[in-house]
Amino acid sequence: MNKPKLTSHHRELERLVGQWEGPEIVRESPDAAPVHATGRFDIRTTMQGTFVLLDWIEQSKDETLMEGLGVIGWDAKAEEYTLHWFDSFGTPPRSVNTGVWDGKKLTFLVKAETYEGRTTLITTSDTELAFTVEMKIEGSWLTVIDGHYQRIQ
């Protein structure tokens, strides 16, 4: 069996690699008050550089609000990035998030049976990362998580 060759698409993902920490604003619904939290990402390559693993935790007042685990890869046949996301809500992903790089921004879209979502990672510099999660509710996008992180390692 031939070992997969890493491409520029795989190397593009390496921009995300590192340990990140920063403030987040969380909204559970359009009329809910925002919750201020601290988010932490540990992002690393895995499987000989063919995937990137995102390990994320969100905390507020010493309480864990949510944890997530993401696996990002490049689908050469479909010519798009993929994101499989698992979180502490316990619902396994029913659909793969598919995404594209646009400059410094990697945006994933998912259309599931009951919702439509958008996840965005932006490498604003070598030391800054932004992360947003949006859900489409009644035809409008609601930002559920808006985080801005500094590289801590």
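The values are calculated or read from the model by the stated rules, or taken from the named source; none is laboratory data. All of these numbers come straight from a predicted model, not from anything done at the bench. Reconstructed Cβ throughout: ideal geometry from the backbone, glycine too, with neighbour counts over all protein chains shown.
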Review point. Listed residues L65, L109, L54, L83; which is in contact (Cβ under 8 Å) with a residue 24 or more places away in the chain and over 18 Å from E14 (Cβ atoms)?
Key: L65
Practice item. Could you grab me the full set of residues in the range 78-98 that are modelled with pLDDT of 85 or more, under 14 Å from the mean Cα position of the chain (by Cα) and under 23 Å from G39 (Cβ atoms)? Key: Y81, T82, L83, H84, W85, F86, D87, N97
Practice item. Collect the residues in the range 22-38 that are out of contact with any Pro (no Cβ under 7 Å at 6 or more places or on another chain), among the charged types (D, E, K, R) and buried (at least 16 other Cβ atoms within 10 Å of the Cβ), keeping them in residue-number order. Key: E24
Point to revise | Only listed residue being surrounded by fewer than 17 Cβ atoms within 10 Å (Cβ to Cβ), of a type in the set (D, E, K, R) and on the phi > 0 side of the Ramachandran plot, chosen from D102, D62 | key: D62
Review point. Does G68 count as closer than 20 Å to H148 by Cβ and in contact with a Phe, Trp or Tyr (Cβ under 6 Å, 6 or more places away or on another chain)?
Key: yes
**Study point:** Verdict on E138 being free of Cβ contacts under 8 Å to residues at least 40 places away in the same chain and more than 16 Å from the chain's Cα centre (by Cα)
**Key:** yes
Check your understanding: L106 passes all but one of (1) over 24 Å from M47 (Cα atoms); (2) among the aliphatic types (A, V, I, L, M); (3) under 17 Å from the mean Cα position of the chain (by Cα); which number fails?
Key -> (1)
